[in-house]
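J.: Got a structure for you, written out below as structure tokens; questions coming shortly.
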Amino acid sequence: MDIHALETKIHQMVDDLQGLCSTVGLSNTANEEVVVTSVFLYKFLNDKFMYNLELFSKEIDVPVESILKNEDDMLDAFYQYNSKDVAFAYEDTIQYLINRIEQHDFYKQFDAALERISKYPQNDAFAVETAEGEKTALFETLSDKVEGSQRNNFAKAIFGIIAQDKFDFSEAFSGGFDFYSSIFEYLIKNYNVASGTYAEYFTPQTVSSIIAKILVGMSDKIDAAEIYDPAAGSGSLILHLAHELGQEGGLNRAIVYTQDISTKSTRFLRLNLMLNGKTESLGNIIRGDTLESPAHFRTPHEPDSGLKHFDYITTNPPFKTDFSATRDRIEQKWGDTNRFFAGVPKIPNAKKDSMAIYLMFIQHVLYSLKDTGKAAVVVPTGFLTAKSGIELAIRTKMVDEKMLMGVVSMPSNIFANTGTNVSVIFLDKANKHEDVILIDASKLGEKVKEGKNQRTVLREAEVNQIIDTFINREEKEDFSVIVSFDAMKEKGYSFSAGQYFEVKIEYVDITAEEFQQWMDQYMTSLSEKFREGTELEKRILEQMGGIRYDESINSI
């Protein structure tokens, strides 16, 4: 089976699971997302477990069945051999449960398997931690998502879908990150939509790729980079950066740290990490409020050690949302530090959901960077030219301290579920340049229809154009410009490329005779217009002079 055929089969499995949810009344509910993503993860982990078990079986020349039944503690030996993956017992596997599908309590057996997998000590590393130190289990029971009379048939139908084909990892692994990132996007595309809350935005793969390649392209090599996203969502940005940093000696060069307040998004992020082989970073995935209770410290779990600083930070934070409930506590807790140096947005009397929360995340990013750290932050394009307030204070710091590397303004509708125009700000605290590159990519891309939404999609050549222009710091007419920090100060710290483009006036060489001919034509045309205007003025005055008052109707 080739990679494209495998991708098609996986898409079909996701579609079938969604179709099943529709038949039991879960369509367009939160439970549908839990069922589809959980079953997909169970299927993926089961097939990966069996794939690696078969490799181990061949290596030690012992039948798979003997290892699964833990004869002579062979399963424990396999766990030591394959310590990075989720542990299963024989009774947890699809291969075992499918033979019990006709039993009247089959749904209970499936739920029990999910609970066992979550509770094995070997699998504790796969539980996401909250900011308060609590653990979120890998799986939850699924049959209770439907009515009692439907549960057994529901569980049987799930196995009818996931038992059909195996993940062929000899093929899937060859696809690498590009394969899994596209599978992940397909899996969650109906569930991760903009809702105005933390991190419900899915950053398009092209935008994530541009950010990752520019960040790494403008950096010196780091063998073990600590990378961070304080509003990680489902992890597209941070995983593209981790992938771009690559591996060294078979080990990932990026250690991933994230935090996000959304339970749903954090569950997606865990799935994304597991699909892409970044399980060693799962212990650094925290669910909680980054602004009020940041959870990553220089010494783990010791707040007195101070907040941790990172080599790279990349984030696409929510732009506006109501955080009035925590706003005063944030200011009281952090007001005497430099973490929010430019201030905390006030609570408006109306439209509290318009509070510019992204300004808080930008300040948190600046505070969390190492002295040599680099960052990329997605912002609403209006941030680039705001003439006062917190926006201007942040831009002033970026310019005065010469940490601004460049800005890329993206096309409108680059995000399918929000019409807000966005730009990406690139920062480098160790910046050695005396100027900044500003790119206006707003005219690039092609319009495509996705459901009810219209989205702008960047073509491969356009993606490369943006990346190469930024890294090579090239000036291109009406596309990119190099601007000194002094020039930016003179322009009120504007980050908009258009304000620095050279205004060009085209000159055409003509003879004196041609000039006189054009002037004669213009004079003739103007005289004709003046004559028509005089005649029109005369007619209007004559008509106005003929209007009389009529006493019979008391009107004009």
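The values are calculated or read from the model by the stated rules, or taken from the named source; none is laboratory data. What you see is a predicted model; the values in this text were computed from it and never measured. Note that each Cβ is placed from the backbone with ideal geometry, even for glycine, and that neighbours are counted across all protein chains shown.
Residue-wise test of (1) more than 22 Å from residue 368 (Cα to Cα); (2) modelled with pLDDT under 90; (3) of a type in the set (Val, Ile, Thr).
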position	(1), (2), (3)
251	yes, yes, no
255	no, no, yes
288	no, no, no
311	no, no, no
314	no, no, yes
326	no, no, yes
329	no, no, no
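This table checks each residue for (1) under 19 Å from residue 140 (Cβ atoms); (2) at pLDDT below 95; (3) of a type in the set (Ser, Thr, Tyr).
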position: 3; (1), (2), (3): no, yes, no
position: 8; (1), (2), (3): no, yes, yes
position: 30; (1), (2), (3): yes, yes, no
position: 44; (1), (2), (3): yes, yes, no
position: 50; (1), (2), (3): no, yes, no
position: 63; (1), (2), (3): no, yes, no
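J.: From the list 340, 310, exactly one residue is closer than 30 Å to residue 178 by Cα and of a type in the set (A, V, I, L, M, F, W, C). Which is it?
T.: Values: 340 fails: closer than 30 Å to residue 178 by Cα.
Sole residue among the options that is closer than 30 Å to residue 178 by Cα and of a type in the set (A, V, I, L, M, F, W, C): 310.
J.: Next question, about the same structure. Search segment 230-270 for residues being in a strand (DSSP E or B) and of a type in the set (D, E, K, R), and hand back the single one that is farthest from residue 129 (Cα to Cα). Spell out the reasoning first.
T.: Going residue by residue through segment 230-270, those that are in a strand (DSSP E or B) are 247-248, 251-252, 254-260.
With the extra rule that they be of a type in the set (D, E, K, R), the set shrinks to 248, 260.
Values: 248: 28, 260: 11 Å.
Across segment 230-270, the extreme among qualifying residues is 248.
J.: What number of residues in segment 112-124 are surrounded by fewer than 16 Cβ atoms within 10 Å (Cβ to Cβ) and under 15 Å from residue 41 (Cβ atoms)? Spell out how you get there, then give the answer.
T.: Quick first cut of segment 112-124, residues surrounded by fewer than 16 Cβ atoms within 10 Å (Cβ to Cβ) only: 112, 115, 119, 121-122, 124.
Of the ones still in play, those that are also under 15 Å from residue 41 (Cβ atoms) are 115.
Residues in segment 112-124 being surrounded by fewer than 16 Cβ atoms within 10 Å (Cβ to Cβ) and under 15 Å from residue 41 (Cβ atoms): 1 in total.
J.: Let me ask another. Residue under question is residue 47, and the condition is that it be touching a Lys or Arg at 6+ places or on another chain (Cβ under 6 Å) and in the same structural domain as residue 136 (by TED's automatic domain parsing); does it hold? Step through it out loud before you land on a result.
T.: Numbers: touching a Lys or Arg at 6+ places or on another chain (Cβ under 6 Å): yes; in the same structural domain as residue 136 (by TED's automatic domain parsing): yes.
Yes, satisfied.
J.: Only residues in segment 85-97 that are within 19 Å of residue 160 (Cα to Cα) count as the first member; pair them with residues that are surrounded by fewer than 20 Cβ atoms within 10 Å (Cβ to Cβ) and of a type in the set (S, T, N, Q), Cβ under 7 angstrom, at least 6 apart or cross-chain, and list the lot.
T.: Final answer for the pair search is 97/109.
J.: Next up: Looking at segment 313-333, which of the residues that are out of contact with any strand residue (DSSP E or B) (no Cβ under 9 Å at 6 or more places or on another chain) and charged (D, E, K, R) is farthest from residue 254 (Cα to Cα)? Quick ask: steps written out before the conclusion?
T.: Initial filter on segment 313-333 (out of contact with any strand residue (DSSP E or B) (no Cβ under 9 Å at 6 or more places or on another chain)): 318, 321-333.
Now drop any that are not charged (D, E, K, R), which leaves 322, 327-329, 331, 333.
Values: 322: 33, 327: 33, 328: 35, 329: 33, 331: 33, 333: 31 Å.
Of everything passing the filter in segment 313-333, 328 is farthest from residue 254 (Cα to Cα).
J.: Taking residue 92 as the residue in question, decide whether it is at positive phi and either surrounded by fewer than 20 Cβ atoms within 10 Å (Cβ to Cβ) or at pLDDT 90 or above (or both).
T.: On the way: at positive phi: no; either surrounded by fewer than 20 Cβ atoms within 10 Å (Cβ to Cβ) or at pLDDT 90 or above (or both): yes.
Judged against the criteria, residue 92 is not a match.
J.: A follow-up question, please. Residues of segment 334-361 being touching a strand residue (DSSP E or B) at 6+ places or on another chain (Cβ under 9 Å) and either among the hydroxyl-bearing types (Ser, Thr, Tyr) or touching a residue at least 60 places away in the same chain (Cβ under 8 Å) (or both), which ones?
T.: 358, 361
Each row is one residue, and each column tells you yes or no for (1) touching a Leu at 6+ places or on another chain (Cβ under 8 Å); (2) among the basic types (Lys, Arg); (3) assigned to a strand (DSSP E or B).
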site	(1), (2), (3)
277	no, no, no
361	yes, no, no
377	yes, no, yes
387	no, yes, no
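J.: Let me ask another. So residue 293 fits all but one of (1) out of contact with any helix residue (DSSP H, G or I) (no Cβ under 7 Å at 6 or more places or on another chain); (2) assigned to a helix (DSSP H, G or I); what number is the exception?
T.: Checking residue 293 against (1) out of contact with any helix residue (DSSP H, G or I) (no Cβ under 7 Å at 6 or more places or on another chain); (2) assigned to a helix (DSSP H, G or I), the one that fails is (2).
J.: Taking the conditions exactly as written (part of a strand (DSSP E or B) and not aliphatic (A, V, I, L, M)), does residue 226 satisfy them or not?
T.: Numbers: part of a strand (DSSP E or B): yes; not aliphatic (A, V, I, L, M): yes.
The answer is yes for residue 226.
J.: Has segment 344-357 got at least one residue that is of a type in the set (Val, Ile, Thr) and under 20 Å from the mean Cα position of the chain (by Cα)? Walk me through how you get there before you give the answer.
T.: Our first condition is that a residue be of a type in the set (Val, Ile, Thr); within segment 344-357, this holds for 344, 347, 357.
After this cut, where a residue has to be under 20 Å from the mean Cα position of the chain (by Cα) as well, the list is 357.
Scanning segment 344-357 turns up at least one residue that is of a type in the set (Val, Ile, Thr) and under 20 Å from the mean Cα position of the chain (by Cα).
J.: May I pose another question? Test each condition in (1) surrounded by fewer than 24 Cβ atoms within 10 Å (Cβ to Cβ); (2) among the charged types (D, E, K, R); (3) modelled with pLDDT of 90 or more for residue 200 and report the one that comes out false.
T.: The single condition residue 200 does not satisfy is (3).
J.: Please go through (1) part of a helix (DSSP H, G or I); (2) under 60 Å from the mean Cα position of the chain (by Cα); (3) not charged (D, E, K, R) for residue 495 and return the number of the only condition it doesn't satisfy.
T.: Exception for residue 495: condition (1).
J.: To continue, here is another question. Would you pick out the residues in segment 279-290 that are in contact with an Asp or Glu (Cβ under 8 Å, 6 or more places away or on another chain) and not in a strand (DSSP E or B)?
T.: Taking segment 279-290 first, the residues in contact with an Asp or Glu (Cβ under 8 Å, 6 or more places away or on another chain) are 279, 283, 285-288, 290.
Selection gives 279, 283, 288, 290.
J.: Listed residues 449, 402; which is free of Cβ contacts under 8 Å to residues at least 24 places away in the same chain and either farther than 23 Å from residue 218 by Cβ or not in a helix (DSSP H, G or I) (or both)?
T.: Values: 402 fails: free of Cβ contacts under 8 Å to residues at least 24 places away in the same chain.
Exactly one residue qualifies, and that residue is 449.
J.: For segment 111-130, give me each residue that is among the aliphatic types (A, V, I, L, M) and in a helix (DSSP H, G or I).
T.: Hits for segment 111-130 are 112, 113, 114, 117, 125.
J.: A further question on this structure: Of all residues in segment 18-40, which are touching a residue at least 60 places away in the same chain (Cβ under 8 Å) and more than 11 Å from residue 146 (Cα to Cα)?
T.: Listed by number, the residues that qualify are 18, 20, 30, 33, 34, 36, 37, 38, 39, 40.
J.: Still on this model: So how many residues does segment 315-333 have that are over 14 Å from residue 364 (Cβ atoms), without any contact (Cβ under 8 Å) to a residue 40 or more places away in the chain and either buried (at least 19 other Cβ atoms within 10 Å of the Cβ) or out of contact with any helix residue (DSSP H, G or I) (no Cβ under 6 Å at 6 or more places or on another chain) (or both)?
T.: 5
J.: If residue 267 satisfies every condition in (1) in contact with a strand residue (DSSP E or B) (Cβ under 6 Å, 6 or more places away or on another chain); (2) among the charged types (D, E, K, R); (3) more than 24 Å from residue 224 (Cβ to Cβ) but one, which is the exception?
T.: Failing condition for residue 267: (1).
J.: In segment 452-490, which residue that is assigned to a loop (DSSP other than H, G, I, E, B) and of a type outside the set (Asp, Glu) is surrounded by the most Cβ atoms within 10 Å (Cβ to Cβ)? Write out each step before concluding.
T.: Let us first name the residues in segment 452-490 that are assigned to a loop (DSSP other than H, G, I, E, B), namely 452, 458-459, 473-475, 477-479.
Filter again for of a type outside the set (Asp, Glu), leaving 452, 458-459, 473, 479.
Working: 452: 7, 458: 22, 459: 12, 473: 15, 479: 19.
Ranking the qualifying residues of segment 452-490, first place goes to 458.
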